[in-house]
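Working notes, structure below.
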Ligand code: PMV
């Protein structure tokens, strides 16, 4: 639209279009699954992969259109209002007081593999909310963005703990713990704390290439927990102990001790039934190649594992993961934080 023309009734004078926003992937360092049962977990942003959203003006009268070149999918929001992203856009615009459909084209690109444990869904949703906030010229805090993404994940992904949306929206390593529901029925907000990391943490990530929706292993663990509550309470408590120790060790920089904890966390995840043969093979290969520790990361049954490495073992671990069948190997360094 040229500057001299009045805005079309469908095109509010909100944005200086186009607007762009992005969000990183994430890695759960330890505590996945137990975090669903109010135990703590530690997660870090993964900046090597990210989701990007752009909002441009559309032809007047077109309404809101989506284009996801990675997934080769395009749709009109009005034609698919129940789609999770359509719904998130509708709810976010309504939250900003925009109740009509502006003529905008939303393009979503992501380098984060879906259903792999790297937080693809949370990153796309976070980038989308950030882009819509920029379009509507609304300032949102990280906590507000996280809450909006969490509401969307709750609607479409079962019983998420909230760790993914939190670490992605805050973009910093976090300690995350949900609190149990109060007798009044209210759920208090989770504890979200920054953590200290004494020295650079070098990780190698191996992708099994097996895509597994988070809610499947989460649902299976819930069934098993209900069938054997004492056994599963004890497994979740053991994972919580590891996470508490990991937090202390992260602050000291003793990566040999941290590696041992991560490998113990993997053994517990095997016991709760969320590992798989490809994940175990990659974990085994990384350890045999000299990694200080290795474990699956995320929901399991597929997706990724991570290995803690040193500069000396980094190349051999990468090679070993490739040889053991990893479809993609990424390197990530978590910077020290005091
Ligand atoms: O696979 P992801 O990245 O969605 O991680 C899931 C983490 C779980 O603890 C298994 C579930 C959750 O909601 O915290």
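The values are calculated or read from the model by the stated rules, or taken from the named source; none is laboratory data. Because the structure is a prediction, the values reported are computed rather than measured. Because the Cβ atoms are built from the backbone with ideal geometry, glycine has one as well, and the counts that use them run over all protein chains shown.
Quick notes
- Qualifying position, being in contact with a strand residue (DSSP E or B) (Cβ under 6 Å, 6 or more places away or on another chain), over 30 Å from residue 261 (Cα atoms) and outside any loop (DSSP other than H, G, I, E, B), among 78, 23, 51: 51
- One residue stands out in the stretch 81-100 among those that are in contact (Cβ under 8 Å) with a residue 40 or more places away in the chain, part of a helix (DSSP H, G or I) and more than 16 Å from the ligand (Cβ to nearest atom): the one that is nearest to residue 162 (Cα to Cα), namely 88.
- Residue 182 vs. criteria more than 17 Å from the chain's Cα centre (by Cα) and modelled with pLDDT of 95 or more: no
- So residue 243, is it touching a strand residue (DSSP E or B) at 6+ places or on another chain (Cβ under 6 Å), touching a residue at least 60 places away in the same chain (Cβ under 8 Å), surrounded by 16 or more Cβ atoms within 10 Å (Cβ to Cβ) and in a helix (DSSP H, G or I): yes
- Selection status of residue 14, modelled with pLDDT of 95 or more and buried (at least 17 other Cβ atoms within 10 Å of the Cβ): no
Per-residue answers, yes or no, for (1) out of contact with any helix residue (DSSP H, G or I) (no Cβ under 8 Å at 6 or more places or on another chain); (2) closer than 19 Å to residue 125 by Cα; (3) exposed (fewer than 15 other Cβ atoms within 10 Å of the Cβ):
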residue	(1), (2), (3)
152	no, yes, no
156	no, yes, no
175	no, no, no
183	yes, no, yes
197	no, no, no
202	no, no, no
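- Helices (runs of 4 or more DSSP H) contained entirely in the stretch 252-338, each with at least 2 residues that are within 16 Å of the ligand (Cβ to nearest atom) and either at negative phi or in contact with a helix residue (DSSP H, G or I) (Cβ under 6 Å, 6 or more places away or on another chain) (or both): 255-271, 277-288
- Filter result (away from the ligand (no atom under 11 Å from the Cβ) and under 17 Å from residue 264 (Cβ atoms)) within the stretch 31-48: 40, 42
- Residue tally, condition assigned to a strand (DSSP E or B) and closer than 16 Å to residue 122 by Cβ, over the stretch 30-41: 1
- Hits in the stretch 142-185 (condition: at positive phi and either part of a helix (DSSP H, G or I) or free of Cβ contacts under 8 Å to residues at least 60 places away in the same chain (or both)): 162, 185
- Scan of the stretch 101-136 for residues that are at negative phi, assigned to a loop (DSSP other than H, G, I, E, B), in contact with a strand residue (DSSP E or B) (Cβ under 6 Å, 6 or more places away or on another chain) and within 16 Å of the ligand (Cβ to nearest atom), ordered by number: 111, 112, 116, 118
- Check on residue 139, surrounded by fewer than 24 Cβ atoms within 10 Å (Cβ to Cβ) and part of a strand (DSSP E or B): no
- Checking each residue in the stretch 152-193 for being within 15 Å of the ligand (Cβ to nearest atom) and more than 18 Å from residue 218 (Cα to Cα) picks out 166, 167, 168, 169, 174, 175, 179, 187, 190, 191, 192.
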